[in-house]
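A.B. asks: Pasting a structure here, questions to come.
The values are calculated or read from the model by the stated rules, or taken from the named source; none is laboratory data. All values reported here derive from a predicted model rather than from experimental measurement. Here the Cβ positions follow ideal geometry from the backbone for every residue, glycine too, while neighbour counts run over all protein chains shown. In case anyone asks, the SASA skips ligands and DNA or RNA and just uses the protein heavy atoms, side chains included. Shrake-Rupley method; radii C 1.70, N 1.55, O 1.52, S 1.80 Å.
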Amino acid sequence: LEVAPEVWNNVGVLRFATGDFEGARDALREAEGVLKKKRADGFDSIEQETRIKSALVTVRYNLGRTFEALGSPGEAQKYYKEVNDGDGKKRDGTWAYPGYPHYVDALLRRSHMALIRGDLTLAKSQADKAVKNTALDTGTDAVLQYARILCKQGRLSEAKKEVEKLRDQLRHHEDDERAGKAGGKKGDSLSGSRGGGGE
């Protein structure tokens, strides 16, 4: 009897939440193994392919977080990179798994880890990608990470401007929400991606 990868993932998440990081790693690796096997066996439908690839992204992100908690930043980075960049091409030249370059949480984790190592160039690059690919309602963390990097670079006035821009956008967003609830036209100016600012 094969245990579903979603079950293994949930076991891993539960173990992570209780501080059992080795147990989380083991469960998540089981999930990853089942998903890789299913991927290698081929897909019966587009829906199955989408579900398996999506589950693999989730499991790999969770493995990255788990390896961070275990104090293995190299392994964590590997998994975050696979989430964003994919895991290589098959012999016929097609992607085995193309990756999700706009998966913001993985970009932010990569940026955070680079910042801890003191690699401000990589930290800024990853934060820029996260900021540019994030809608306002989910992008606060990306903007704040970008501002942290600017502070570390001694660019305090630029960091302040980024945070002030975010504050103003959040205020406008709240005004649009209130107008929508009051029967007015809700603005759509904040629904797109946010730019990352200049050097």
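A.B. asks: Residues that are modelled with pLDDT of 95 or more and more than 20 Å from the chain's Cα centre (by Cα), at least 2 per element: which helices (runs of 4 or more DSSP H) completely within region 1-83 meet that? Before you say what the answer is, go through the steps one by one.
C.D. replies: Details: elements: 5-17, 21-41, 46-69.
Output list reads 5-17, 21-41.
A.B. asks: Tell me, which residue of region 125-156 that is touching a strand residue (DSSP E or B) at 6+ places or on another chain (Cβ under 8 Å) and within 20 Å of Lys81 (Cβ to Cβ) is modelled with the highest pLDDT?
C.D. replies: Just the residues of region 125-156 that are touching a strand residue (DSSP E or B) at 6+ places or on another chain (Cβ under 8 Å), to begin with: 132-135.
After this cut, where a residue has to be within 20 Å of Lys81 (Cβ to Cβ) as well, the list is 132-134.
Values: Lys132: 76, Asn133: 73, Thr134: 68.
Only one residue fits best here, namely Lys132.
A.B. asks: If you don't mind, there's one more thing I want to ask. Just to verify a result, which residue in region 14-41, among those that are touching a residue at least 40 places away in the same chain (Cβ under 8 Å) and open to solvent by less than 70 Å² (accessible area, probe 1.4 Å), is farthest from Ala55 (Cα to Cα)? Break it down stepwise before answering.
C.D. replies: Residues of region 14-41 touching a residue at least 40 places away in the same chain (Cβ under 8 Å): 16, 21-22, 24-25, 39.
Still in the list and also open to solvent by less than 70 Å² (accessible area, probe 1.4 Å): 16, 21, 24-25, 39.
Working: Phe16: 18, Phe21: 20, Ala24: 16, Arg25: 16, Arg39: 11 Å.
Result: Phe21.
A.B. asks: Oh, and also: Here is a check on your reading of the model: is Ala159 under 28 Å from Lys53 (Cβ atoms) and either modelled with pLDDT under 85 or open to solvent by less than 60 Å² (accessible area, probe 1.4 Å) (or both)?
C.D. replies: Values: under 28 Å from Lys53 (Cβ atoms): no; either modelled with pLDDT under 85 or open to solvent by less than 60 Å² (accessible area, probe 1.4 Å) (or both): yes.
Here the answer is no, as Ala159 does not meet what is asked.
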